[in-house]
Structures are given as structure tokens and as C-alpha cells.
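Asker: Next up is a structure, given as C-alpha cells.
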Amino acid sequence: MKDDGDCDPESVVPNDVQTADSLASSHVHSVNIMVPAGKSVGVPRSASVFTERFFGAFQWEEFACGCGAAFVNITATYPIYKMIFRQMLHGVPITSAFAQLRHEGLGFLYRGMLPPLAQKTISLSIMFGVFDGTRRYLVEDYGMNDYGAKVIAGVVAGSAESILLPFERVQTLLADSKFHKYFSNTPNAFRYVVANHGYRELYRGLEPVFWRNGLSNALFFVLREEASSRLPKRKSVSSRTAQEFVAGAVIGASISTIFYPLNVIKVSLQSSMGQVSEGSWAACKRIYRERDCRIANFYRGCAFNTGRSFISWGIMNSAYENMKKLIHQQPQLAVVSSK
């Protein structure tokens, strides 16, 4: 109820203001937007919105689980890798590679482990984290087909991993016996390479690594998701872990075998230092000639590498899945305990 002494605020607004407001109002209502049939008016997406949506799709749990899985794997399988590396580099049988490491002694067995440990923990963190975030963004924001999103996300994750190539570069130098006299540890190797040959030397062999990472990641995630959806759901922890181990082991070993020649080319390129780097195709032809012009000789050490990959990817896949379940169980346990 309004008192007679109160006046309506609209009654004291000047006429020219009312006229301007009414004209503006009528002008707004008179604007007609022509939209073709079946089309909706789209608002351009700003850079800030894109950044918020893209990075908002990433989850820290994926990065943490990938990091933890890599740590467990590297500490268990590095000695096996070193024997495979010697076979890749020198084209010798496994008995000769084992004899080399035995002659050098236990002190050199874990020499060069820090670069792959650092590289793999960061690499696997990027691999799982970037894949999951990119796939989620493509599916939720653009409605992309799930398979297409997995392939693109896998390639993006693999490409992002390629920035860690300096770790692989230094690992190669430390594992090669001819460079033992030049540096004694990982920091010393980084300083020596940068001081004498520049930062570009750390990215020698980038091309085969780029192709290997992108293609293998895309294939791994597509096959891994298929196995996860098609294999039976196990109730007990032990049987579920065993199934995850076997699934990851078979997929990882198969992909590692397919792309093994790219690793041979990478090791060959990175086994030299300070010289003009040859292209991947030129290195491939040179290795082919050096190994009696037989494609089968590109796969020397592959059998042992397949066995290592079987163990390595089995450990990583089962460790990743168990860490993920453990992280997701923590909030549930906290809610139950609060009740």
C-alpha cells in the first residue's frame, strides 16, 4: 500500500530522459536478426573460454597415476633395458651384451638410470593426463566420435611427450661405453653437451621419436580401451590385477615390437655427438647396409625387447589402474568415516 505523500519515482523523471529511453527501447525491439532456417546464432568462443574449457578437462589424478606407474616400472626393468640397448647399438647377441655389463661391474649397471626415471615419470604422467584431458574435451565440447577422439588425443599426448627427448639423449650417451670418459653422471652429461655442442644437440633424433610416440600412443589407447570394455569384469583384486597386467603386457609388447625399428634408428642417430646429424631415412639406409642388407637385422634385440616390454607395460598398466582406484576410493572412505 502506497502512502499519498509518496510520489511515484517515474513521475519525476524528466521528459527528455523518458523520450530517450523509450526511443532506445523501441529501437532494440525493432531490430530483426535474419537467421537461415535450421541454423542457430553462434557466439564466437573467446581465447579465455577455450583455455578454461580445455584445461578444465584435465584431471590431476591421471597425471599422478601415470607418474607413479612409471616409477614402479623403471626401478624394476632398467637392467633389462641396458642389455637391449647394447644389442641395438652394436648388433650383438644377448650373451655378448650380458658379458659387457658383467665386465663393467655392478657400479655401472644402474649408471644412466636417472634420465629414464625422470623422463618416464614425467612422460607417462603426460601420456595418461594429456590423453584423458584431450579426449574428454573433444567428446564433451565438440561431440566427436569416441574413436576419433582417442586417436587424436593419443597423437597429441605422444607429441607432448617428445619435449622430453633430452632425457633420452643423455641416457643414450651414458649407456654407451665410448662416452664413459667424457662424463660421470647425468648433470655432468647435460652440462658437457650444452657447453660443447649447444641445446640443439639434446634434440638429436627428434624425428623418429616424434613418429614413434604419436602413432604408438594412439594405437595403445584405442586397444587398451577396447580391452577394458570387452574383457570380463573381475570381482577379486588379485584376478582383476592379473587381467590388467596381461592386457597391458600384450598390447604394450605388440606395439613395442611394431615400432622397434624406429628405436634402432633413434639410438643410431643419438650414438654420435657433435657431428652433423643425418636424416632418419639416411640413417635407415645406412643401418640397412651395415647389417648385411637384411631387414630382419633391424630386429636384433627385438625378442628381448618384447619380453621387457611385456613385463614393463604389464607393470605400468596394473600399477596405473590400482593407483587410480586407490585415489578414487579416498573421498568415499572420508565420507563413510564422517558418517
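Asker: The conditions are (1) within 21 Å of the chain's Cα centre (by Cα); (2) open to solvent by less than 60 Å² (accessible area, probe 1.4 Å), and Ile258 fails exactly one of them. Which is it?
Answerer: Ile258 satisfies every listed condition except (2).
Asker: Which number in (1) under 30 Å from Phe179 (Cβ atoms); (2) modelled with pLDDT under 75; (3) among the aliphatic types (A, V, I, L, M) marks the one condition that Val92 misses?
Answerer: Failing condition for Val92: (2).
Asker: Just the residues that are open to solvent by 40 Å² or more (accessible area, probe 1.4 Å) and in contact with a Gly (Cβ under 7 Å, 6 or more places away or on another chain), please, taken from the stretch 311-320.
Answerer: First pass over the stretch 311-320, keeping only residues open to solvent by 40 Å² or more (accessible area, probe 1.4 Å): 311, 313.
Across the stretch 311-320, the qualifying residue is only Trp313.
Asker: Another one. Quick one: Phe167 ticks every box in (1) part of a loop (DSSP other than H, G, I, E, B); (2) within 24 Å of Val209 (Cβ to Cβ); (3) open to solvent by 30 Å² or more (accessible area, probe 1.4 Å) bar one, so which box is it?
Answerer: Going through the list (1) part of a loop (DSSP other than H, G, I, E, B); (2) within 24 Å of Val209 (Cβ to Cβ); (3) open to solvent by 30 Å² or more (accessible area, probe 1.4 Å), Phe167 breaks only (1).
Asker: As an exercise: evaluate Gly274 against (1) within 20 Å of the chain's Cα centre (by Cα); (2) open to solvent by 30 Å² or more (accessible area, probe 1.4 Å) and give the number of the one condition it does not meet.
Answerer: (1)
Asker: Next question. Suppose we keep only residues that are at pLDDT 85 or above and of a type in the set (A, V, I, L, M, F, W, C) within the stretch 176-207. Which one would you say is surrounded by the fewest Cβ atoms within 10 Å (Cβ to Cβ)?
Answerer: To start, the set of residues in the stretch 176-207 that are at pLDDT 85 or above comprises 187-207.
Next, only the ones that are of a type in the set (A, V, I, L, M, F, W, C) stay: 189-190, 193-195, 202, 206.
Values: Ala189: 21, Phe190: 18, Val193: 23, Val194: 14, Ala195: 8, Leu202: 19, Leu206: 19.
The selected residue is Ala195.
Asker: If I go through the stretch 240-263 residue by residue, how many of them are farther than 19 Å from Ser229 by Cα and of a type in the set (S, T, N, Q)?
Answerer: Within the stretch 240-263, residues that are farther than 19 Å from Ser229 by Cα and of a type in the set (S, T, N, Q) number 4.
Asker: Would you call Leu173 modelled with pLDDT under 90, buried (at least 20 other Cβ atoms within 10 Å of the Cβ), out of contact with any Leu (no Cβ under 9 Å at 6 or more places or on another chain) and assigned to a helix (DSSP H, G or I)? Talk me through it step by step, then tell me what you get.
Answerer: Details: modelled with pLDDT under 90: yes; buried (at least 20 other Cβ atoms within 10 Å of the Cβ): yes; out of contact with any Leu (no Cβ under 9 Å at 6 or more places or on another chain): yes; assigned to a helix (DSSP H, G or I): yes.
Yes.
Asker: Which condition from (1) more than 17 Å from Leu114 (Cβ to Cβ); (2) at pLDDT below 90 is the one that Phe210 breaks?
Answerer: For Phe210, the exception is condition (2).
Asker: From Leu269, Leu219, grab the single residue that is surrounded by fewer than 21 Cβ atoms within 10 Å (Cβ to Cβ), modelled with pLDDT of 90 or more and in contact with a helix residue (DSSP H, G or I) (Cβ under 6 Å, 6 or more places away or on another chain).
Answerer: The unique qualifying residue is Leu219.
Asker: Which of the following residues is of a type outside the set (Ser, Thr, Tyr) and open to solvent by 20 Å² or more (accessible area, probe 1.4 Å): Asp132, Asp141?
Answerer: On the way: Asp132 fails: open to solvent by 20 Å² or more (accessible area, probe 1.4 Å).
When all the criteria are applied, what remains is Asp141.
The values are calculated or read from the model by the stated rules, or taken from the named source; none is laboratory data. Note that the coordinates shown come from a computational prediction; the quantities given were computed from them, not determined experimentally. Counting neighbours? That spans all protein chains shown, and the Cβs are built from the backbone with ideal geometry, glycine included. SASA here: full protein model, heavy atoms, side chains in, ligands and nucleic acids out. Shrake-Rupley method; radii C 1.70, N 1.55, O 1.52, S 1.80 Å.
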